[in-house]
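To keep things clear, I will list the structure first and then write my remarks on it.
The values are calculated or read from the model by the stated rules, or taken from the named source; none is laboratory data. Since we're looking at a predicted model, the values are computed, not measured. Note that we place each Cβ from the backbone using ideal geometry, even for glycine, and neighbour counts take in every protein chain shown.
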Amino acid sequence: MSALEEALRDELSWLLRAGVPPRGIRIAVRERLVLRLERGQLGAREVSDAMEAAVRAACRLVRELDAPDELVDMVCRAALEAVRGHGGETSRWLADAATTADAVLDELARAHREEPLWRGGTQRPRLW
């Protein structure tokens, strides 16, 4: 688990337990990713890594803490908004970030298909 994934998981866990509405969760995810994207040299790899960490953190919460399934969609959308809204060079890698999100979701669906949440596998609609 990357440091970003762990930080996102902890923050999202806290927000869910506190009953923060979806809008607050989306804002928190966007802020966390923008902070990450503003650090140091930034390239396609860093954008994809940030996206992967966000998706994995949301999926982990759904599996481990029985968070609502909608959390994954909410986090994916917020993370993509962070990449798109960051602008400049970062927005060039929006397609890479979306592809990374799909790849992580596909990987997790294959790895956890025996669990009720993941039985749908890759049949979920593509949202981005």
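Okay, here's what the table says:
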| read-out | value |
| --- | --- |
| Number of the condition not met by Gly43 [criteria: (1) surrounded by fewer than 16 Cβ atoms within 10 Å (Cβ to Cβ); (2) within 13 Å of the chain's Cα centre (by Cα); (3) modelled with pLDDT under 90] | (2) |
| Residue that is under 11 Å from the mean Cα position of the chain (by Cα) and part of a helix (DSSP H, G or I), where the choices are Leu16, Leu4, Leu35 | Leu4 |
| Contacts under 6 angstrom Cβ, first residue in region 30-46 being under 16 Å from Thr100 (Cα atoms), partner modelled with pLDDT of 80 or more and in a helix (DSSP H, G or I), 6 or more apart | Leu33/Ala50; Leu33/Ala79; Leu33/Ala82; Ala44/Trp93; Ala44/Asp96 |
| Selected residue [within 21 Å of Ala109 (Cα to Cα) and of a type in the set (Asp, Glu)] from Glu81, Glu70, Glu38, Glu11 | Glu70 |
| Out of Ala57, Ala103, sole residue that is assigned to a helix (DSSP H, G or I), within 18 Å of Ala7 (Cα to Cα) and at pLDDT 90 or above | Ala57 |
| Residue in region 58-71 that is of a type in the set (Asp, Glu) and free of Cβ contacts under 8 Å to residues at least 40 places away in the same chain present | yes |
| Answer residue from region 38-54, given it is of a type outside the set (Asp, Glu) and in a helix (DSSP H, G or I) and is farthest from Ser2 (Cα to Cα) among those | Ala44 |
| Top-ranked residue of region 93-109 - restricted to ones that are under 9 Å from Val47 (Cβ atoms) and not hydroxyl-bearing (Ser, Thr, Tyr), ranked as surrounded by the most Cβ atoms within 10 Å (Cβ to Cβ) | Ala97 |
